[in-house]
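Report on the following structure.
The values are calculated or read from the model by the stated rules, or taken from the named source; none is laboratory data. Just so we're clear, the structure is a prediction, and the values are computed from it rather than from any experiment. Here Cβ is always computed from backbone atoms with ideal geometry, including for glycine, and neighbour counts include all displayed protein chains. These accessible areas exclude ligands, DNA and RNA; they are computed on the full protein's heavy atoms, side chains included. Shrake-Rupley method; radii C 1.70, N 1.55, O 1.52, S 1.80 Å.
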Amino acid sequence: MFGMLKKKLSDSVKALTEKIEKEEPKKVVKKVSKEKKVEKFIKKKHAEKITKPKEIIKEKPKMEAPKEKPEMEKELREEKKSFLQKIGFKKEEKYKPTVEEPKEEKSFFQKSLKENDIDEFFKDIELGLLESNIALEAVDELKKNLKEQLVDKPVSRVGAGKEIKIAFEKSVRKILDQGTVDIDKIIREARKENRSACFVFLGFNGSGKTTSLSKFAQFLMKKKYRVLFAAADTFRAASIEQLEYHGNKLGIKVIKHQYGADAAAVIFDAKKHGEKNNYDVVLADTAGRSHADKNLMDELKKLVRVNKPDLKILVIDSITGNDSVEQANRFNDAVGVDAVILTKTDVNSKGGSILSVCQAIKKPILFLGTGQDYKDIDIFNPEKFAEELLSGD
Ligand SMILES: Nc1nc2c(ncn2[C@@H]2O[C@H](COP(=O)(O)OP(=O)(O)OP(=O)(O)O)[C@@H](O)[C@H]2O)c(=O)[nH]1
Ligand SMILES: [Mg+2]
């Protein structure tokens with residue numbers, strides 16, 4: 001699922017990791033004073049003249065050492081004294097650095113990214129992300145989230161990959177994490193009011209509304225809820241029969257009117273029937289419509305106004321690409337979407353629309369459609385999904 005999106009993201013992680021791991025560290029060039037040079041020289045001499053002979057003495061048999069040691073030390077003292085006099089030291093001074101050693105170690109093992117680095121980096125990967133259907137707004141958000149995590153924070157040069165991957169994962173998760181929809185709670189609340197909860201499925205033509213509604217029905221039935229269908233697509237030929245087909249297979253009653261009837265009235269009747277007969281949930285199928293079709297959008301507004309559904313679920317075909325943002329915005333503006341279902345993720349490797357839609361309308365994904373069977377439903381968990389997206393396999 002989402003092979004291309006996964007690849008583009010993991011390519012991005014790799015590219016930024018390489019940038020950090022392979023870029024030459026900037027040498028810390030500190031001006032070293034004359035005094036410092038002298039101290040360095042003394043230090044070196046100390047090491048050569050004092051430390052080394054001591055080591056040699058240690059290695060020699062114990063019996064010979066006492067004879068040579070005082071002599072050698074005396075000789076060294078003399079030599080050092082004359083050297084210090086030569087370079088202008090009044091008396092022998094213990095080597096004591098007066099200027100701090102430049103701390104080059106830290107800059108060598110760690111790198112701190114600047115805002116410019118991230119901007120430059122995104123110039124290289126942007127096209128790849130757009131190709132996998134992530135809209136520009138979502139790419140910008142990803143960039144912003146990465147900056148929050150990486151700019152001016154030291155990243156290890158060695159093993160930077162893990163840190164970068166985690167930063168990407170968090171950035172993706174932040175876009176996808178738009179809260180949750182507690183289905184059980186909604187149903188419980190409706191029960192308290194002695195009514196059935198009402199969930200309306202809406203969206204563009206052929207996006208997968210009827211299929212998703214049927215999958216969701218089975219999901220609810222497994223949770224022991226009593227489900228009723230409302231055939232509120234009175235517009236497209238054979239839509240009522242299609243819903244009845246699923247109803248028969250799943251053992252779900254369908255409330256229907258004639259073709260051309262008022263969709264709002266169908267849902268209204270279904271809700272009444274549900275309430276009277278102790279159904280937990282009414283799932284309403286509606287006609288596919290273009291957000292540019294004024295009449296059908298007015299019909300949608302009316303059925304929402306009349307029935308006040310507990311959930312308005314926008315069904316978007318993940319193959320849609322860039323238009324998914326336009327669809328999401330227009331449906332959200334018209335009726336206020338509560339949650340999104342993204343379908344056909346099994347046949348779409350690009351998958352970036354999941355980020356685009358979340359970024360556009362800031363609403364949670366309820367589930368992903370992963371095939372044509374009732375069981376092909378993947379309840380959405382942003383954390384798990386982001387992890388899986390960055391898993392790189
Ligand atoms: N592979 C795959 N196919 C899907 C998925 N969801 C729906 N489909 C298929 O998409 C086609 C359209 O699905 P429908 O459920 O009829 O779509 P719709 O939105 O109700 O269509 P209209 O009512 O005409 O607007 C059907 O062939 C479905 O089997 C999915 O997650 N994966
Ligand atoms: Mg349909």
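Please work out the ratio of the alpha-carbon Rg of segment 183-382 to 2.2 N^0.38 Å and round it to two decimals.
The reported ratio for this selection is 0.94.
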Problem set entry | Magnitude of the charge dipole, segment 183-382, Cβ model with Lys/Arg +1 and Asp/Glu -1, debye to 20 | 660
Seminar exercise, completed: FRET efficiency (Glu275, Arg305; Cβ distance; R0 25 Å; to 0.05) is 0.85
Seminar exercise, completed: The answer for Ala230, listing residues at least 5 apart or on another chain whose modeled amide H is closer than 5 Å to its amide H, is Ile255, Leu283, Ala284, Asp285
Exercise. Which ³J(HN,Hα) values in Hz, rounded to whole numbers, follow from the phi angles of segment 327-333 under the Karplus curve 6.51 cos²θ - 1.76 cosθ + 1.60, where θ = phi - 60° and Gly and Pro get x?
Worked result: 4, 4, 5, 5, 5, 5, 5
Seminar exercise, completed: Note: probe point = Cα of Asp298 + 7 Å toward Cβ; backbone nitrogen < 14 Å; residues of segment 308-348 passing the test are none
Seminar exercise, completed: Rounded to one decimal in nm, the spacing of the 7 Å Cα→Cβ label points at Gln372 and Ile166 is 4.5
Exercise. In the structure shown, do any of Lys147/Lys350; Lys14/Lys153; Lys174/Lys272; Lys144/Lys308; Lys192/Lys363 have a Cα-Cα gap over 29 Å, and if so which?
Worked result: Lys174/Lys272; Lys144/Lys308
Problem set entry | Accessible area of segment 117-247 divided out per residue, in Å², using a probe of 1.4 angstrom | 45
For this session: Would you work out what percent of the accessible area of segment 183-382, with all protein chains in place, is carbon or sulfur (probe 1.4 Å)?
Result: 48
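For segment 104-176, what's the relative contact order in percent, using C-alpha pairs closer than 8 Å and at least 6 residues apart?
Computed value for segment 104-176: 46 percent relative contact order.
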Exercise. How long are the three semi-axes of the equivalent ellipsoid for segment 111-184, computed from the Cα gyration tensor as the root of 5 times each eigenvalue, in whole Å, largest first?
Worked result: 24, 17, 11
Exercise. Computed over the Cα atoms, what is the radius of gyration of segment 274-393 divided by 2.2 N^0.38 Å, N being its residue count?
Worked result: 1.15
For this session: Taking only protein heavy atoms into account and a 1.4 Å probe, give the accessible area per residue of segment 299-393 in Å².
Result: 39
Exercise. How would you classify segment 222-279 from its alpha-carbon gyration tensor, with a ≥ b ≥ c the square roots of the eigenvalues: rounded for a/c under 1.5, else prolate if a/b is greater than b/c, otherwise oblate?
Worked result: oblate
